[in-house]
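The values are calculated or read from the model by the stated rules, or taken from the named source; none is laboratory data. This one's a predicted model, so the numbers in the text were calculated from it and none came from an experiment. In this analysis, Cβ positions are derived from the backbone assuming ideal geometry, glycine residues included, and neighbour counts consider all displayed protein chains. We work out accessible area using only protein heavy atoms, side chains counted, and drop any ligands, DNA or RNA first. Shrake-Rupley method; radii C 1.70, N 1.55, O 1.52, S 1.80 Å.
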Amino acid sequence: MTGSFLAGVGGYLPTRIVSNDELAMTIDTSDTWIRERTGIIQRHIADDRETAAFMGAAAARAALDRAQIGIANVDAIIVATSTPDQGFPSTATAIQAQLGVTKGFAFDISAACSGFVYGLSVADAMLRTRQCRAALVVGTEVFSRLMNWQDRSTCVLFGDGAGAAVLTWDDETDDASGRGIISTHLHADGRFGDILYIDGATGQSTKPQKLVMNGREVFRHAVGKLSDAVEEALHANGLTSADIDWLVPHQANLRIIDAMGKRLNLRQDQVVVTVDRHANTSAASIPLALAEAYADGRIKPGHLVLIEALGGGLTWGAALIRA
Ligand code: COA
């Protein structure tokens, strides 16, 4: 047994789309500034009904459909979110209830924009140790409710959405194909907690709080730390960047994504980009991007996929997946 198998990925995006031009009607910004600095053209914004649990459950259903795995088989739900519906019960248990899952376990993890990579790592470890058989890893965020909509340096960057992956193991199909989660590499350094954080009590995605960010500092840390994590992942498996078929990075800023692609000597068409249409959906960004690239056939069985993310904490990490 190598690790767990990524059986299906799905996403959910709110129907309301807000363009840069629409934002420029209420704050001092422009479509040109936002596009040039971030690559973002638009973002999806949740309505009152679209909470983290609601969107996460929708993404989970889409992932289960693609995996052709029935809800009755799910015995673990791990949700990465910084915008939970409530302090407790967890968003994971809310999603469990919305899906109608009545067995196994469910819990949230807090690792900001690295949450999906963290969740994948935790699920993979639990599957390897046979604590569950079919795990849903969900990233779901309603950052629109954390925004100070007067702060042009942050509010233009984020969007809402959810993505989910189904991970499984099966003794009978366990073979030497090498398909599945190859390895995950997690890091954190709490000394940098003050460059990206939520100001105020957490736990109510339905109540306004404020996201605070020193964008330049975050940018400064991003490429170096992500490059180190990626190098660690490749080295641990005796691989080089020439082996990578797809880079599916956290979608925060096109300049960071481009820099990572260049460092890895990848062609632009090997990098999955959604930040232009989704903006930064935090823990949801990687599974949303994966869902898109699996659905449109770019990622094919056997491809080597590298994911990486950095977020508040600071937290960061990378994972290699054989599709
Ligand atoms: N529209 C127009 N002008 C804006 C603006 C906006 N939305 N936001 C900031 N500005 C202004 C600033 O006020 C500043 O003006 P000044 O020079 O008169 O003071 C100027 O643009 C440059 O600001 P600066 O912060 O230096 O821009 P930047 O090139 O560093 O880009 C970010 C800002 C936020 C886009 C960039 O730092 C970034 O992407 N950082 C990483 C953020 C990130 O990835 N966060 C999530 C991690 S999970």
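Numbers at a glance
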| read-out | value |
| --- | --- |
| Residues that are of a type outside the set (A, V, I, L, M, F, W, C), out of contact with any Asp or Glu (no Cβ under 9 Å at 6 or more places or on another chain) and closer than 30 Å to Leu64 by Cα, drawn from region 11-46 | none |
| Unmet criterion (only one of (1) open to solvent by 10 Å² or more (accessible area, probe 1.4 Å); (2) modelled with pLDDT of 95 or more; (3) among the hydrophobic types (A, V, I, L, M, F, W, C); (4) farther than 21 Å from Gly313 by Cα) for Leu167 | (1) |
| Leu211, sole failed condition from (1) part of a helix (DSSP H, G or I); (2) within 16 Å of the ligand (Cβ to nearest atom) | (1) |
| Given (1) buried (at least 16 other Cβ atoms within 10 Å of the Cβ); (2) of a type outside the set (Asp, Glu); (3) more than 17 Å from the chain's Cα centre (by Cα), number of the condition Pro249 does not satisfy | (3) |
| Some residue of region 261-281 being surrounded by fewer than 16 Cβ atoms within 10 Å (Cβ to Cβ) and under 19 Å from Arg35 (Cβ atoms) | yes |
| Test: Gly8 is touching an Asp or Glu at 6+ places or on another chain (Cβ under 6 Å) and over 28 Å from Gly200 (Cα atoms) | no |
| Top-ranked residue of region 103-143 - restricted to ones that are modelled with pLDDT of 95 or more and among the hydroxyl-bearing types (Ser, Thr, Tyr), ranked as surrounded by the most Cβ atoms within 10 Å (Cβ to Cβ) | Thr140 |
| Exclusive hit being within 30 Å of Arg16 (Cα to Cα) and among the polar types (S, T, N, Q), set Ser227, Ser285, Ser241 | Ser285 |
| Residues satisfying the stated conditions in region 151-170, i.e. farther than 20 Å from Glu292 by Cα and away from the ligand (no atom under 16 Å from the Cβ) | Thr168, Trp169, Asp170 |
| Pairs with Cβ under 6 Å, 6+ apart, first in region 250-266 and under 15 Å from Ile307 (Cβ atoms) and without any contact (Cβ under 8 Å) to a residue 40 or more places away in the chain, second hydroxyl-bearing (Ser, Thr, Tyr) and within 12 Å of the ligand (Cβ to nearest atom) | Gln251/Ser285 |
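Here's the yes/no breakdown for (1) open to solvent by less than 10 Å² (accessible area, probe 1.4 Å); (2) within 16 Å of the ligand (Cβ to nearest atom); (3) of a type in the set (D, E, K, R); (4) touching a His at 6+ places or on another chain (Cβ under 9 Å):
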residue	(1), (2), (3), (4)
Ala24	no, yes, no, no
Arg37	no, yes, yes, no
Ile41	no, yes, no, no
Ala63	yes, no, no, no
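Here's the yes/no breakdown for (1) away from the ligand (no atom under 16 Å from the Cβ); (2) without any contact (Cβ under 8 Å) to a residue 40 or more places away in the chain; (3) open to solvent by less than 30 Å² (accessible area, probe 1.4 Å):
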position: Gly8; (1), (2), (3): yes, no, yes
position: Asp21; (1), (2), (3): no, yes, no
position: Asp47; (1), (2), (3): yes, yes, no
position: Glu50; (1), (2), (3): yes, no, yes
